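Have a look at the structure below before the remarks.
The values are calculated or read from the model by the stated rules, or taken from the named source; none is laboratory data. Here the structure is a predicted model, which is why all the values come from computation and not from measurement. A quick note on method: Cβ atoms are made from the backbone with ideal geometry, for glycine too, and the neighbour counts reach across all protein chains shown.
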Amino acid sequence: MTDHDRHLVDAEELAMTARLRNLAAAALPGPLAEPPDLTQLAAESGLLDVAIDTVDTPVGQLVLGATEAGLVTCSYDDRDAVAARLASAVSPRVLRAPARLDPIRRQLDEYFAGRRTGFTGPVDLRLASDFGRQVLGLLGTIGYGHTTTYGALATALGRPTAARAVGHALGANPVCVIVPCHRVVGADGRLTGYAGGVAAKRTLLELERA
């Protein structure tokens, strides 16, 4: 995203904020009324299609994004890059909305504290390819604390020679950690490619094995 693009985004956010304030003022029947939830107001007013925010974790900062259909991204990439991808692939109405993402943020906190072994809530895999969705759909069969191999997933898909293609699909997983591609390792047990880096992959597997 260029500086010019950032300025445009900032201008759009300011315009959205002004519209939300006007809507909020109109929604308040009197000076003692409770202020409305601006995130909900934005969604109801057609100003918000994708909520986005960041969360700090032991494996680095993750960028979270959610649509009405569910969590659409949990990414190690820079927030501006994620926002640009979402704006292009989903909707230009991407807005920082922490409240929408509080439930998954709490689940991530519990997971990294060792108090959670799985995640609940819908996942929106529209950013994955058709083949990617097939591969990612198999990850739910890998239990917490367990691993499988790229070759085993390829065989499960009926394409035993497609281990490399499986690896590429996992590398493009748009919902890391939540959809546990880190549980897939090389045939010899080596920790190969991962969007967050091998160190992050090792941290996640050690957390789960503990």
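The requirement of being outside the structural domain of residue 65 (by TED's automatic domain parsing), on the phi > 0 side of the Ramachandran plot and modelled with pLDDT of 95 or more is fulfilled somewhere in the stretch 153-168, by at least one residue.
Keeping to the stretch 168-204, report how many residues are out of contact with any strand residue (DSSP E or B) (no Cβ under 8 Å at 6 or more places or on another chain) and buried (at least 18 other Cβ atoms within 10 Å of the Cβ). Don't jump to the end; show me each part of the working.
From the stretch 168-204, those out of contact with any strand residue (DSSP E or B) (no Cβ under 8 Å at 6 or more places or on another chain) are 168-169, 171-173, 180-182, 188-190, 193-194, 197-199, 201-204; that's our starting set.
Right, trim to buried (at least 18 other Cβ atoms within 10 Å of the Cβ) and you get 169, 173, 180-182, 194, 201, 203-204.
Of the residues in that region, 9 qualify.
The residues on offer are 51, 42, 66, and the sole one that is farther than 17 Å from residue 105 by Cα and either at pLDDT below 95 or not assigned by TED's automatic domain parsing to the domain that holds residue 198 (or both) is 42. Of everything in the stretch 166-190 that's part of a loop (DSSP other than H, G, I, E, B) and within 22 Å of the chain's Cα centre (by Cα), which residue is farthest from residue 140 (Cα to Cα)? Top of the filtered list is 172. Among residues of the stretch 109-127 that are under 22 Å from residue 206 (Cα atoms), those with a Cβ under 7 angstrom from a residue that is surrounded by fewer than 13 Cβ atoms within 10 Å (Cβ to Cβ) and among the small types (Gly, Ala, Ser), sequence gap 6+ or separate chain, pair up as 114/210. Taking the conditions (1) of a type outside the set (Asp, Glu); (2) under 30 Å from residue 88 (Cα atoms); (3) touching a residue at least 60 places away in the same chain (Cβ under 8 Å) in turn, residue 144 satisfies each one other than (2).
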